[in-house]
Amino acid sequence: VFLFGPLMSRFVKDTPGFPPGSMWMIFTPAMMVQAVVNSGAFVGMSLLADYRAGAIERFRVTPSSGTGQLLGRVLAVTVKVVMIAGIIVTSTVTVCGLRPSPLGVLACFAIVALFAIVVASCSYAIALRLKNEYSVSALISAILLPLLLLSGTLVPITSVLAPGWLYTLSRLNPVSYAMDAARASFRDDFGLTDFGPGLAVLVVLTALSLWWGARTFGLEDK
């Protein structure tokens, strides 16, 4: 936030095509979304350590189901990510003078939480499918890099700023919708342009990722 954010000030001021709002209104929610990726993408690696240590086997003799085990782990990651997002917002409010509305911040936290559920569930599912740390790390890294670059984390990808082919590719990226929804909520824009489609995509992705993760845990229980 503090090392890269000030570099965007002149871009936001002098370049047409950026979303409405100040530089911090654009950059802070982007860092909150990126915190999800940094904290949740590789949590499946820790699951493999538990798998080899026999911890998952011991849970199988308890009344807890595979779905319950997944939800417990996913919610732990989500709480951690929301706390990190809170630190980011607090820092920009106290140091940078950012003044978002409480409703906008809460809505952005909801977007971050849903995205954290998606990322963590997929990470756990991939880990249990591959069962190899090197394969999991390589696959997730290969997926994340294009997703982050096409989401407009550092520089927003808009129809004015980006070439047509790049903007079209970004619209095929689900992370772009989470990013757009987070930025829209921060500026209290809860309409159907950015926030509505982003929230709808995240709800669908949350349901699908939880189903996939629970199914993967269920297969391990058999």
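In the context of the full set of protein chains, residues of the range 89-144 present 43 Å² of accessible surface per residue (probe radius 1.4 Å, heavy atoms only).
What whole-number distance in Å separates the alpha-carbon centres of the range 1-24 and the range 161-216? Taking the Cα centre of each part, the range 1-24 and the range 161-216 sit 21 Å apart. Each peptide among 193-201, 101-109 gets the average number of other Cβ atoms lying within 10 Å of its residues, and from highest to lowest they stand as 193-201, 101-109.
Helix 174-186 and the longest principal axis of the Cα set of the chain meet at an angle near 50°. Normalised by residue number, the volume inside the convex hull of the Cα atoms of the chain is 126 Å³ per residue. Sorted from longest to shortest, the spans of the Cα atoms of the range 1-49 along the three principal axes equal 49, 20, 13 Å. When the chain is treated as a Gaussian network with alpha carbon springs shorter than 10 Å, the biggest mean-square fluctuation among I143, I117, I157 belongs to I143. Across the range 112-117, rounded Karplus estimates of 3J(HN,Hα) from the backbone phi angles (6.51 cos²θ - 1.76 cosθ + 1.60, θ = phi - 60°) give 4, 5, 4, 5, 5, 4 Hz, Gly and Pro being marked x. Computed on the Cα trace of the range 101-187, the radius of gyration divided by the Kirkwood hydrodynamic radius gives Rg/Rh = 1.05.
Expressed as a whole percent, the accessible area of the chain that falls on carbon and sulfur atoms is 71 (1.4 Å probe).
For the options V155, V36, V112, a Gaussian network treatment of the chain with springs between C-alpha atoms closer than 10 Å singles out V155 as fluctuating the most. Computed over the chain with a Gaussian network model linking Cα atoms closer than 10 Å, the most mobile of M179, M32, M45 is M45. The phi torsions of the range 132-140, fed into the Karplus equation with coefficients 6.51, -1.76 and 1.60 and a -60° offset, translate into couplings of 8, 4, 5, 5, 5, 4, 5, 5, 5 Hz, rounded to whole numbers, with Gly and Pro shown as x.
Heavy-atom accessible surface of R183, to the nearest 10 Å², is about 10 Å², with a 1.4 Å probe and all protein chains retained. Take the Cα radius of gyration of the range 145-222 and divide it by 2.2 N^0.38 Å, N being the number of residues; the result is 1.32.
Using a 7 Å offset from Cα along Cα-Cβ at L145, what residues in the range 10-46 end up with backbone N under 16 Å from the label point? It comes to no residues whatsoever.
The values are calculated or read from the model by the stated rules, or taken from the named source; none is laboratory data. Everything quoted here is computed from the prediction, not taken from an experiment. Glycine also receives a Cβ, built like all others from the backbone with ideal geometry; neighbour counts cover every protein chain displayed. For accessibility, only protein heavy atoms count, side chains too; no ligands or nucleic acids. Shrake-Rupley method; radii C 1.70, N 1.55, O 1.52, S 1.80 Å.
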